[in-house]
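First the structure, in the form of structure tokens, and then the observations on it.
What follows is calculated from the coordinates using simple rules that are stated; it is not laboratory data. What you see is a predicted model, and the numbers here were worked out from it, not measured in a lab. No Cβ is skipped: glycine too gets one built from the backbone with ideal geometry, and neighbour counts run over all protein chains shown.
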Amino acid sequence: MNGMTPEPENEPELFRTLISAGWILLALLVGAGWLFISRRFAAGIVCGGFLALGNSLWLKRGIEQSMGLEPQQAGRSAVARYLLRLALLAGLLYLLIVFVGIDIFGLITGLSVLVIVIIGASLYRAARTGG
């Protein structure tokens, strides 16, 4: 621990840290988008960020539930949940783009929130450990 940021030592702590950082980054991006670009762009960031972070939380929950099942049943359950989640995300993205008319670039920015956090955390950790 360096006094600035806690070092997650286990996977649940790492996941919580990444999700928390994702919410913080999302808030910063929405604020910047609102101030410097447009409300429509900021709304796209909000929608994309909620989808990205919500999808990650849903994925984690599904994996945890599948781990408690018999191996054969766990595989089927995980695949069914994956397909359901993918179909729901595709449907929501379609509705947002076609019917709501959400800003595509804002949506893409919001969908990238967790990726940006993971890259940042990886670079930070690599710089701290020298490699």
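Sort Val79, Val30 by Cβ crowding within 10 Å, fewest neighbours at the top.
Val79, Val30
Measure out, as a whole number of angstrom, how far apart the alpha-carbon centroids of the range 33-84 and the range 88-131 sit.
Between the Cα centre of the range 33-84 and that of the range 88-131, the gap is 12 Å.
How large is ³J(HN,Hα) for each residue in the range 29-35, as worked out from phi by the Karplus curve 6.51 cos²θ - 1.76 cosθ + 1.60 (θ = phi - 60°), to whole Hz, x for Gly and Pro?
Couplings: 5, 5, x, 5, x, 5, 6 Hz.
³J(HN,Hα) across the range 65-71 via Karplus (A = 6.51, B = -1.76, C = 1.60, θ = phi - 60°), whole Hz, x for Gly/Pro?
Values, residue by residue: 5, 5, 5, x, 9, 4, x Hz.
From the C-alpha coordinates alone, can you work out the Kirkwood hydrodynamic radius of the chain, in Å?
On the way: mean 1/r = 0.0608 Å⁻¹.
That comes to 16.5 Å for the chain.
Report the extension gain between Ser122 and Arg40 in nm, rounded to one decimal, defined as 0.36 nm multiplied by the number of residues separating them, less their alpha carbon distance.
Gain on stretching Ser122 to Arg40: 26.4 nm.
I want to check the label-to-label distance for Ala27 and Arg85. Put each point 7 Å from Cα in the C-beta direction and report it in nm to one decimal.
Between Ala27 and Arg85, the simple spin-label model gives 2.5 nm.
Pick out, in residue order, every one of the trypsin sites (Lys or Arg not before Pro) in the range 31-95 that is DSSP loop and has at most 15 other C-beta atoms within 10 Å; say none if there are none.
Sites meeting the loop and neighbour criteria: none at all.
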